[in-house]
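In what follows, a single structure is set out as structure tokens and then discussed.
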């Protein structure tokens, strides 16, 4: 027999074995890393975008925003302040242990009772989780809760295993998580990559990809280059100016991802701060041309807005969306009414770098707009983890900080809950308004849709007039996807890889 043919025949079983054992891998690039794997230890969509593959919610929201069963298969109100949930049977944790109602009680009561957790504001309405049986619970709330289903099916509502946390503690769990999601944790190389593997026994079935790798690539240009070269299959926050290059590469395409995210300036309104004067805050707003930010910085990807509202967000006054105010002459007058000349002021523009599309450029252009009315500026942008550590989590905003806030609850109450007098931003904005808090308290428990909407609209206008934050535009972002992958971006920005499929 011809020796080359003989060699091939001898090697064929090994080759076939290798092909049979080949893993299908999908690689995703984001600009920021996770802060850990405690699903309640953060309030960042980019972190949840990874976590969602490890942890399941009670109620899932599909790509069209429709609520459907998750770890809960059915639910119903049993009193004005209580809902019964039937839990899915036959679900196992990644370590093989069975999922039960005790895990749900342990998870939800933790985030509802621990005021030190970032998501606490969104869950403190929950009074108790009653275990009725191994797969049945009743969630009791402080008064009626019109948003309970939204609340248990959103960012930071991933269910965790009680037995694991009690064994290794939250610090241990943060480094080596176990969930019921379609992928299980393998490895985390900080600021580099996260490696996940398919969980064979997931209740939805086995995902199409055997392995998911989340890479941290802060530089947008590097993410794009990796996408075109095949180093990654999905790249988030593709700069608009790179869209044509990606589409012409033959390797990937760029898709528009509408979001609930609103880019905004979180203001320090403390009386000792320059921005404690409402005339200075209004002057800053009037000096900024929102449409020009969208057109010149974002290449048209965005909609100017005067409030943290957008279509699809319940209780939103949409007359404040798709509009803006720009009056630099009036801005100068307001500064003078406050007792200054524009040149007397130096305003610090703070923001993250690499967290949002063109966030550094956004800070620079806002500074230029303030310069154009004669105000001096100082710009400081920091890599996301440094920004969170020194400015955001430390409540250390000098004048204002640029942030993009999404709405995972799809409701206007959620948009504003953090700026209540005892809300999560109380030591960031230093703003407290009695009437605003009354309206928010009413909306939290009101089940009459008309009354609730009226309260939320009035509350929105108080924020608009008082400016504890200044909104810029609703964000629209570009996501690059390899031609080898079939996957669609979601409005909630979650990188849900169970929905991804090889194109061939």
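Considering only residues of the stretch 54-88 that are surrounded by 19 or more Cβ atoms within 10 Å (Cβ to Cβ) and more than 18 Å from residue 136 (Cα to Cα), which is modelled with the lowest pLDDT? So, considering only residues that are surrounded by 19 or more Cβ atoms within 10 Å (Cβ to Cβ) and more than 18 Å from residue 136 (Cα to Cα), the one modelled with the lowest pLDDT is 61.
Residue-level analysis places residue 382 outside the set of residues that are buried (at least 16 other Cβ atoms within 10 Å of the Cβ), in contact with a strand residue (DSSP E or B) (Cβ under 7 Å, 6 or more places away or on another chain) and under 22 Å from residue 312 (Cα atoms).
Criterion first (at pLDDT 95 or above, surrounded by fewer than 16 Cβ atoms within 10 Å (Cβ to Cβ) and in contact with a strand residue (DSSP E or B) (Cβ under 7 Å, 6 or more places away or on another chain)) does residue 290 satisfy it? For residue 290, the condition - at pLDDT 95 or above, surrounded by fewer than 16 Cβ atoms within 10 Å (Cβ to Cβ) and in contact with a strand residue (DSSP E or B) (Cβ under 7 Å, 6 or more places away or on another chain) - is not met. Within the stretch 305-323, if we keep just the residues that are assigned to a loop (DSSP other than H, G, I, E, B) and free of Cβ contacts under 8 Å to residues at least 60 places away in the same chain, the residue that is surrounded by the fewest Cβ atoms within 10 Å (Cβ to Cβ) turns out to be 311. Only a single criterion out of (1) under 28 Å from residue 474 (Cβ atoms); (2) under 24 Å from the mean Cα position of the chain (by Cα) is not satisfied by residue 213, namely (1). Whenever a residue of the stretch 421-436 is at positive phi, its partners that are assigned to a helix (DSSP H, G or I), lying with C-beta atoms within less than 9 angstrom and at least six residues away or across chains, give the pairs 430/276. Against the list (1) in contact (Cβ under 8 Å) with a residue 60 or more places away in the chain; (2) under 27 Å from residue 314 (Cα atoms); (3) not in a helix (DSSP H, G or I), the condition residue 127 fails is (1).
Of all residues in the stretch 138-167, how many are part of a helix (DSSP H, G or I) and either more than 20 Å from residue 56 (Cβ to Cβ) or in contact with a helix residue (DSSP H, G or I) (Cβ under 9 Å, 6 or more places away or on another chain) (or both)?
Taking the stretch 138-167 as the starting set, the residues that turn out to be part of a helix (DSSP H, G or I) are 148-151, 162-167.
Now restrict to residues that are either more than 20 Å from residue 56 (Cβ to Cβ) or in contact with a helix residue (DSSP H, G or I) (Cβ under 9 Å, 6 or more places away or on another chain) (or both): 150-151, 162-167.
Qualifying residue count for the region: 8.
Of all the residues that make up the stretch 330-364, how many are under 25 Å from residue 221 (Cβ atoms), out of contact with any strand residue (DSSP E or B) (no Cβ under 8 Å at 6 or more places or on another chain) and buried (at least 17 other Cβ atoms within 10 Å of the Cβ)?
Taking the stretch 330-364 as the starting set, the residues that turn out to be under 25 Å from residue 221 (Cβ atoms) are 349-364.
Then keep just the ones that are out of contact with any strand residue (DSSP E or B) (no Cβ under 8 Å at 6 or more places or on another chain); that gives 358, 361.
With the extra rule that they be buried (at least 17 other Cβ atoms within 10 Å of the Cβ), the set shrinks to 358.
Counting residues in the stretch 330-364 that are under 25 Å from residue 221 (Cβ atoms), out of contact with any strand residue (DSSP E or B) (no Cβ under 8 Å at 6 or more places or on another chain) and buried (at least 17 other Cβ atoms within 10 Å of the Cβ) gives 1.
Residue check: residue 447 meets all listed conditions (1) part of a helix (DSSP H, G or I); (2) surrounded by fewer than 21 Cβ atoms within 10 Å (Cβ to Cβ) but one, namely (1).
Restricting the search to the stretch 456-491, which residues are crowded, with 17+ Cβ neighbours inside 10 Å, in a helix (DSSP H, G or I) and either under 24 Å from the mean Cα position of the chain (by Cα) or free of Cβ contacts under 8 Å to residues at least 24 places away in the same chain (or both)? Result: 456, 457, 459, 460, 463, 464. If you go through the stretch 101-120 and keep only what is crowded, with 20+ Cβ neighbours inside 10 Å and either outside any helix (DSSP H, G or I) or within 22 Å of the chain's Cα centre (by Cα) (or both), you end up with 107, 108, 111, 112, 117, 119. Output the residue which, of all residues in the stretch 410-429 that are touching a strand residue (DSSP E or B) at 6+ places or on another chain (Cβ under 9 Å) and not in a helix (DSSP H, G or I), is farthest from residue 311 (Cα to Cα). Only one residue tops the list, namely 425.
Out of all the residues in the stretch 276-283, is one or more over 29 Å from the mean Cα position of the chain (by Cα), at pLDDT 95 or above, surrounded by fewer than 18 Cβ atoms within 10 Å (Cβ to Cβ) and assigned to a helix (DSSP H, G or I)? Yes, the stretch 276-283 contains at least one residue that is over 29 Å from the mean Cα position of the chain (by Cα), at pLDDT 95 or above, surrounded by fewer than 18 Cβ atoms within 10 Å (Cβ to Cβ) and assigned to a helix (DSSP H, G or I).
Residues that are assigned to a helix (DSSP H, G or I), closer than 30 Å to residue 62 by Cα, assigned by TED's automatic domain parsing to the domain that holds residue 263 and touching a helix residue (DSSP H, G or I) at 6+ places or on another chain (Cβ under 9 Å): does the stretch 351-358 have at least one? Spell out the reasoning first.
Filtering the stretch 351-358 for residues assigned to a helix (DSSP H, G or I) gives none.
No, the stretch 351-358 has no match at all.
Quick one: is residue 132 modelled with pLDDT of 95 or more and either surrounded by fewer than 20 Cβ atoms within 10 Å (Cβ to Cβ) or assigned by TED's automatic domain parsing to the domain that holds residue 234 (or both)?
Values: modelled with pLDDT of 95 or more: yes; either surrounded by fewer than 20 Cβ atoms within 10 Å (Cβ to Cβ) or assigned by TED's automatic domain parsing to the domain that holds residue 234 (or both): yes.
Yes: the conditions hold for residue 132.
If the condition is being closer than 23 Å to residue 191 by Cα and in a helix (DSSP H, G or I), then the stretch 362-406 contributes 384, 385, 386, 387, 388, 389, 390, 391, 392.
The values are calculated or read from the model by the stated rules, or taken from the named source; none is laboratory data. Because the structure is predicted, anything quoted here is derived from the model rather than measured. FYI the Cβ positions are ideal-geometry reconstructions off the backbone, even for glycines, and counts take in every protein chain you see.
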